[in-house]
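Chemist: I have a structure here, written as structure tokens, and I will follow up with some questions on it.
Derivation of every value follows stated rules applied to the coordinates shown; laboratory data play no part. Bear in mind that the values here come from a model prediction, so they are computed numbers and not experimental data. Reconstructed Cβ throughout: ideal geometry from the backbone, glycine too, with neighbour counts over all protein chains shown.
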């Protein structure tokens, strides 16, 4: 009886295995309902654990701007390739700008139509026309009005977006409507580039160096 009782104690309390009556006794498999303190331990399914682990990983900001914004960036890059007396590159940049802004501010169609109209007039105007710079400035002024009243679609702190808008305002003001576009090509490119950067921040919440941002600027009246 004493041997049986001893084996019973060994069987009940074995943790890493024990020998009883010449045979090795392994500990029992833990029950899902083994108690830990006052709570019950319930094994979590592996898929649930993986899902919770994925949720715990902070999300990185690798968001890409929409196609319209990428097309705008490509059109602005094309402006730097050289002087085009037909201003076809400027027309393309204005058209892509309108496509990007309509995604950001669909309620500001008046300003966006001004950009499209200026692009169309610039396309049809003679090379010797003195209105080229005035048309471009009119379109860029309309774009700035959109940006200054825009609430970005992506969260972004007011200081970062406002900085890009301020740069756009200054760059556009430098475009002289009374000076031929070819004579102020670099100034025009700088204005488009500043607007492009503001559009990128509005879309993605990140500047061109990939710096991520958070927050949202208040709508300005």
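Chemist: Once R0 is set to 41 Å, what does the formula 1/(1 + (r/R0)^6) return for the Cβ-Cβ distance between residue 170 and residue 128, expressed as a FRET efficiency to the nearest 0.05? Spell out each step's value before the answer.
Modeler: Working: r = 30 Å, r/R0 = 0.74.
Rounded to the nearest 0.05, the efficiency is 0.85.
Chemist: If you stretched the chain out fully between residue 83 and residue 148, how much longer would it get, using 0.36 nm times the residue separation minus the C-alpha to C-alpha distance?
Modeler: Details: separation 65, 0.36 × 65 = 23.40 nm, distance 2.99 nm.
Length difference between fully extended and current span is 20.4 nm.
Chemist: Here's another thing I want to ask about it. Give, in nm to one decimal, the length gained when the segment between residue 117 and residue 178 is fully stretched (0.36 nm per residue of separation minus the Cα-Cα distance). Write down the numbers at each step before the final one.
Modeler: On the way: separation 61, 0.36 × 61 = 21.96 nm, distance 1.93 nm.
Taking 0.36 nm per residue and subtracting the Cα distance, the gain is 20.0 nm.
Chemist: Moving on. Quick one: give the max-minus-min coordinate of the C-alpha atoms of the range 67-204 along each principal axis, largest first, in Å.
Modeler: 45, 24, 24
Chemist: For residue 109 paired with residue 74, estimate the spin-label separation in nm (one decimal), with each label point 7 Å from Cα along the Cα-to-Cβ line.
Modeler: Here the modelled spin labels are 2.7 nm apart.
Chemist: Ordered by packing density, taken as the mean number of other Cβ atoms within 10 Å over each peptide's residues, highest first, how do 124-135, 70-81 rank? Could you put the intermediate results ahead of the total?
Modeler: Numbers: 124-135: 15.1, 70-81: 17.8.
Packing proxy ranking, top to bottom: 70-81, 124-135.
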